[in-house]
Amino acid sequence: MSTEQKRQAFYAQDSDAVLRELETSERGLTTSEASKRLEQYGRNELAEGEKRSLLAKFLDQFKDLMIIILLLAAILSVVTSGGEDIADAIIILAVVIINALFGVYQEGKAEEAIDALKSMSSPSAHVLRDGHVTEIDSKELVPGDIVSLEAGDVVPADMRLLEANSLKIEEAALTGESVPVEKDVRMTVAEDAGIGDRVNMAFQNSNVTYGRGLGVVVNTGMFTEVGHIAGMLQEADETDTPLKQNLNNLSKVLTYVILVIAAITFAVAVFIRGEHPLTGLLTSVALAVAAIPEGLPAIVTIVLSLGTQVLAKRHSIVRKLPAVETLGSTEIIASDKTGTLTMNKMTVEKVYYNGQLVDAKETIEAGLDLPLLGAVVLANDTKIDADGKLIGDPTETAFIQYALDKAYDVKAFLTQYPRVAELPFDSDRKLMSTIHPLPDGKFFVAVKGAPDQLLHRSSKVDIAGEVSPLTDEVAAAIKANNSEMAHQALRVLAGAYKIIDSIPEELTSETLETDLIFTGLIGMIDPERAEAAEAVRVAKEAGIRPIMITGDHQDTAEAIAKRLGIIDANDTEDHVLTGAELNNLSDEEFEKVVGQYSVYARVSPEHKVRIVKAWQNQGKVVAMTGDGVNDAPALKTADIGIGMGITGTEVSKGASDMVLADDNFATIIVAVEEGRKVFSNIQKTIQYLLSANTAEVLTIFLATLFGWDVLQPVHLLWINLVTDTFPAIALGVEPAEPGVMSHKPRGRKSSFFSGGVMSSIIYQGILQGALVLAVYGYAIANPVHIGDVKAIHADALTMAFATLGLIQLFHAYNVKSVYQSILTVGPFKSKTFNWSILVSFILLAATIVIEPLEAIFHVTHLDLTQWGVVLIGSFSMIIIVEIVKFVQRKLGLDKNAI
């Protein structure tokens, strides 16, 4: 035996070969041999990923370019003021530290995925040691151990099964298949078989729902399938969100702009105006600080946080703030089928009885007296607890639920006909039979199972209560209806019965399951959610492509996809790719054809990651939904991972950026709409802030050229604090513009400057600066205090300060839409916005009209004429921008907006 575990295809070998390779037997290992192997292979647990200290995580948050610029700005603002003006520095440092702390918190959340995976492990195992069954800590298991399994157990390690007595194991967390898998130890499987098709294996952390089994441990710890997923989680690179990429690009643009402005200002001051180099340096640094929108990171965080609150009310719990905005740029939604697009609950859909195929919603007149329904309810191990909850195999609970939906008293029926004997289900017969006493002393034998098996064992048929011979014509009709339901991806079972005088002494299939009376067929499926088809339609209308990725069977996946509209029902082309077919494609080949497929069936965790990456390599922003352990690596790889809050494992939730509280695909579309609104609002905020900063820089730069003393640092600080902050936050919570879900996603290549924003920032910034200088020039040319140079400049300075502040408040109304008129979007529709403008105006005006503040801000009292000039100059901003927007709409430029 190798000294190192290998994830090899034990399922493709017969059990004797597996035992030989593992150097063990059905009597198990000795205690001494198990101890040696434990030392050799290590404990059966998932490895801890390398965890960094809190300090290391905290320092990592300062590697962002925008953060570095802000820190430099904080230092320069203190240096240029001689240490007297530290307000800017305090604000900047507070913003940076809050963002860093939040980043550390989010990183810690991401590590919860691995911790949750470990917590799913079985605490103990029943193992054969020294020829005796003993209970040990599952962490002590080693390859070669023989472990017994019973209903209710959590499989403690990956095992090749040696015995399986009606053994069923629920593997949905690993495979995504909603129905427990019937295990068959004699079957050898092809090496390229997916996890869901390895019917002779039991996988760690899956749940035994029925029967008993015995297996040999083939892999433990990180070498199990769950361990492999844990390794993928540790290695998965988290994709930068479009928001993070946009902010990084914005940081770079601002860096270059700020350096150019500082250099030009320094050159003008020193070489043209002949100022001292130190004075020129201080001027250029002041301009650079003015150019930085220091409140932007905080405002973006606030806007995203408010977005999370809105989403929480709509059943979407956001774990990572950038996910809010990422939703808005989503182009591909890769959704798991079970539980997200479907109900994750097997449901009776079609019933064939009395020679007719009817919809399950139709009324059954005979109720539980109908032999078909009576057979499948009696030959059934479902338990009904005190709360009315059904406990048992999903297929069997579907039969009971069907009867309950028809308002029948199932408990009374089962009490009336108690079970006195049974022949349990096994995978050879594919049947289950139970015996129930009748009032006349005879016994009713209820049988359910595979249609072909029951047809083979039936000699008669019950049609409308009359028993007649099962003719070839009737059998052909039964087979035809069975085939029709199977083609609709329904799981079909049949019912039969017979009445016997006494219970056979030896209960066997030969003595009990022959000469049966066939009663009919029942077709079941895990049905699509009622609202999912509409959500798929809305997604397509919004330019988003929904695709289905599932571990379920190809036919089932394709049928559900057509019912939902993911695949056109009339489309004859092949849009389904299986995991086995994907294995035969290289990454390069797959990327060329990825656009052809909308459904992926029988896929493994590796396949899901490949699918996500293939779309990302096409430049698409990908959202991935999932609820199982097998989904976690893909959830982490996707641009936005969406976990399920109800059915989802803690592993999938931990790897997600967002969790759906209602497990509903339709909720994703609601979240996409909110994400688009958030991006649009952040874009408006950036347009507002950068156009304002452009105006400030331009005003000071041109004033420097003209030799004017237009604004002082305290004016810039107050304007940035008052007129930037409140309106910018209010813009961040503006209602969505009409038609937000009617255009295509903006995609990964778009930026905050796309859709006409960059040109608007430039011309609106220049316009603001020009109006401020025009008011200043007017004040100099038309002085109130004639001959008093100092008073003239003081008045002009105050009017420029008031104009710059007011012009930004008026401009906030312009920014409600890049191209639409403020009359169209509604200037006073948002109370939050209106209050923010009012508060900002009061704080701005207070510095001029309240005498104690005048000295602090170096301003003077203005008369009505001067205030009139300020208001006309400020309000002109709205009039001019409205004219420009009108021209742009006439030229059709608004059609390019996103």
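Okay, residues lined up against (1) assigned by TED's automatic domain parsing to the domain that holds residue 558; (2) under 27 Å from residue 166 (Cα atoms); (3) at pLDDT 85 or above:
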| site | (1), (2), (3) |
| --- | --- |
| 351 | no, yes, yes |
| 356 | no, no, yes |
| 362 | no, no, no |
| 365 | no, no, no |
| 370 | no, no, no |
| 376 | no, yes, yes |
| 385 | no, yes, no |
Neighbours by Cβ (under 7 Å, 6+ apart or cross-chain): first from the range 470-484, in contact (Cβ under 8 Å) with a residue 12 or more places away in the chain and of a type in the set (A, V, I, L, M, F, W, C); second part of a helix (DSSP H, G or I) and crowded, with 16+ Cβ neighbours inside 10 Å: 475/455; 478/455
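Does the range 695-717 contain any residue that is among the aliphatic types (A, V, I, L, M), closer than 24 Å to residue 825 by Cα, touching a residue at least 12 places away in the same chain (Cβ under 8 Å) and buried (at least 24 other Cβ atoms within 10 Å of the Cβ)?
Restricting attention to the range 695-717, the residues satisfying the condition of being among the aliphatic types (A, V, I, L, M) are 695, 697-698, 700, 702-703, 705, 710-711, 714, 716-717.
From what's left, closer than 24 Å to residue 825 by Cα: none.
Within the range 695-717, not a single residue is among the aliphatic types (A, V, I, L, M), closer than 24 Å to residue 825 by Cα, touching a residue at least 12 places away in the same chain (Cβ under 8 Å) and buried (at least 24 other Cβ atoms within 10 Å of the Cβ).
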- line: Expected single match for outside the structural domain of residue 170 (by TED's automatic domain parsing) and either within 18 Å of the chain's Cα centre (by Cα) or at pLDDT below 90 (or both) among 587, 639 is 639
field: Residue ID - farthest from residue 228 (Cα to Cα), chosen from residues in the range 615-636 that are buried (at least 24 other Cβ atoms within 10 Å of the Cβ) and among the hydrophobic types (A, V, I, L, M, F, W, C)
entry: 621
statement: Subset of the range 670-682, residues of a type in the set (A, V, I, L, M, F, W, C) and surrounded by fewer than 24 Cβ atoms within 10 Å (Cβ to Cβ), comes to 670
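Can you go through 820, 866 and tell me which one is assigned by TED's automatic domain parsing to the domain that holds residue 719 and farther than 27 Å from residue 732 by Cα?
866
Tally the residues that are farther than 15 Å from residue 15 by Cα and surrounded by 20 or more Cβ atoms within 10 Å (Cβ to Cβ), restricting the search to the range 198-208.
Residues that pass the stated criteria total 5.
Yes/no matrix, rows are residues, columns are (1) of a type in the set (Phe, Trp, Tyr); (2) touching a Lys or Arg at 6+ places or on another chain (Cβ under 8 Å); (3) assigned to a loop (DSSP other than H, G, I, E, B):
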residue: 709; (1), (2), (3): no, no, yes
residue: 729; (1), (2), (3): no, no, no
residue: 741; (1), (2), (3): no, yes, yes
residue: 748; (1), (2), (3): no, yes, yes
residue: 771; (1), (2), (3): no, no, no
residue: 775; (1), (2), (3): no, no, no
residue: 784; (1), (2), (3): no, no, yes
residue: 790; (1), (2), (3): no, no, no
- prompt: Restricting attention to the range 192-205, which residues are modelled with pLDDT under 85 and part of a loop (DSSP other than H, G, I, E, B)?
  reply: 192, 193, 194, 205
- request: Return yes when residue 667 is surrounded by fewer than 24 Cβ atoms within 10 Å (Cβ to Cβ), under 19 Å from residue 331 (Cα atoms), at pLDDT below 90 and of a type in the set (Ser, Thr, Tyr) and no when it is not.
  value: yes
query: List, please: which pairs have Cβ atoms under 6 Å, are six or more places apart or on different chains, and start with a residue in the range 6-25 that is on the phi > 0 side of the Ramachandran plot and end with one that is modelled with pLDDT under 90?
result: 23/1
query: When you go through 407, 323, 379, 375 one by one, which is the residue that is aliphatic (A, V, I, L, M) and surrounded by fewer than 24 Cβ atoms within 10 Å (Cβ to Cβ)?
result: 407
field: Residue among 790, 829 that alone is modelled with pLDDT under 85 and more than 35 Å from the chain's Cα centre (by Cα)
entry: 790
field: Counted residues, the range 596-617 - those being touching a strand residue (DSSP E or B) at 6+ places or on another chain (Cβ under 9 Å) and within 19 Å of residue 749 (Cβ to Cβ)
entry: 4
field: All positions within the range 152-185 that are touching a Ser or Thr at 6+ places or on another chain (Cβ under 7 Å), at pLDDT 90 or above and either surrounded by fewer than 23 Cβ atoms within 10 Å (Cβ to Cβ) or assigned to a loop (DSSP other than H, G, I, E, B) (or both)
entry: 155, 156, 157, 162
task: Could you list, in sequence order, all residues of the range 565-618 that are under 15 Å from residue 337 (Cα atoms), touching a Pro at 6+ places or on another chain (Cβ under 8 Å) and of a type in the set (A, V, I, L, M)?
output: 566
task: Would you check if there is a residue in the range 853-868 being buried (at least 16 other Cβ atoms within 10 Å of the Cβ) and closer than 30 Å to residue 756 by Cα?
output: no
The listed residue being under 22 Å from residue 695 (Cα atoms), outside the structural domain of residue 718 (by TED's automatic domain parsing) and modelled with pLDDT of 70 or more, out of 272, 261: 261
task: Assess whether residue 790 counts as being within 26 Å of residue 754 (Cβ to Cβ) and among the basic types (Lys, Arg).
output: no
message: If residue 478 meets every condition in (1) closer than 30 Å to residue 422 by Cβ; (2) part of a loop (DSSP other than H, G, I, E, B) apart from one, which number is that one?
response: (2)
statement: Residue pairs qualifying under the 9 Å Cβ cut-off, at least six apart or on distinct chains, with the first in the range 217-228 being over 15 Å from residue 154 (Cα atoms) and the second being among the acidic types (Asp, Glu) and part of a strand (DSSP E or B), are 218/158; 219/158; 223/158; 227/158
Condition met for residue 411 (over 25 Å from residue 168 (Cα atoms), in contact with a Ser or Thr (Cβ under 8 Å, 6 or more places away or on another chain) and basic (Lys, Arg)): no
- prompt: Among the residues of the range 400-417, is any closer than 16 Å to residue 346 by Cα, part of a loop (DSSP other than H, G, I, E, B) and of a type outside the set (Asp, Glu)?
  reply: no
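The values are calculated or read from the model by the stated rules, or taken from the named source; none is laboratory data. Everything quoted here is computed from the prediction, not taken from an experiment. Note: ideal-geometry Cβ built from the backbone for every residue, glycine included; neighbour counts use all protein chains shown.
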